[in-house]
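In what follows, a structure is listed as structure tokens, so that the remarks can point back to it.
The values are calculated or read from the model by the stated rules, or taken from the named source; none is laboratory data. Model, not experiment: these values are computed from the prediction. Positions of Cβ are generated from backbone atoms using ideal geometry, with glycine treated the same way; all protein chains shown enter the neighbour counts. Note: accessible area is taken over every heavy atom of the protein model, side chains too, but ligands, DNA and RNA are not part of it. Shrake-Rupley method; radii C 1.70, N 1.55, O 1.52, S 1.80 Å.
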Amino acid sequence: EWLEFVSECRAVSHSSAWPRAIADRHLAAIADDVNAMLHSFELGFTVRVDADLTFVACFDSGIEQRASRLSGGQRVLLALAFRIAVNSRFAGHLGLLALDEPTMFLDERNIGCLETAIARLQSMSTTLGLQCLLVTHERRLAPSFNAILDLGRSG
């Protein structure tokens, strides 16, 4: 029994187990923050962390699937929620969230969903004192922001 106990202790306390334990802890906390954001986006799904440290989407209907199998729009909105969660957890003191081309590969319907998410993000940003820098070619999102820097050529 003693040998079994020592073996179990070693498995938990061995240096190779610490990175996994730390990753589990942080990813579970991030998943909670991601789910709060997904709920505010009204997407109809949340995520849980799988044993291999990946997200599984849990739909309100009870269906579950790996996050990698979500539609393009759902993945973009999940990525946005993830970026916000990571930013607030690890870089919230910076007061800046930078998003580079979140509209890439989105169809019209999903760009509309992103517009809604960006509007909610703007509301949250104002409350938290967070500046959001968005780089995109999608001019439709311009009204969602206070200032626009257009680097396009005229004429």
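Some observations on this one:
- Per residue, the average separation of C-alpha pairs within less than 8 Å and at least 6 apart gives the chain a relative contact order of 17 percent.
- 0 to 90° range, to nearest 10: angle between helix 72-90 axis and the chain longest Cα axis: 70
- Accessible area per residue for the chain, computed on protein heavy atoms with a 1.4 Å probe, is 66 Å².
- Of all DSSP-defined beta bridges confined to the chain, some 60% are antiparallel rather than parallel.
- Ranked by how many other beta carbons lie within 10 Å on average, peptides 42-48, 74-80 from highest: 74-80, 42-48
- Segment 77-98 and segment 116-155 have their alpha-carbon centroids 15 Å apart.
- Label-point separation in nm, Asn146 to Val86, each point 7 Å along Cα→Cβ: 2.6
- With every protein chain in place, segment 100-141: carbon and sulfur % of accessible area (1.4 Å): 55
- Between helix 108-128 and the chain there is an angle of about 80 degrees, using the helix long axis and the longest principal axis of the Cα atoms.
- Once the Cα atoms are used to define both axes, helix 2-13 deviates from the longest principal axis of the chain by about 20 degrees.
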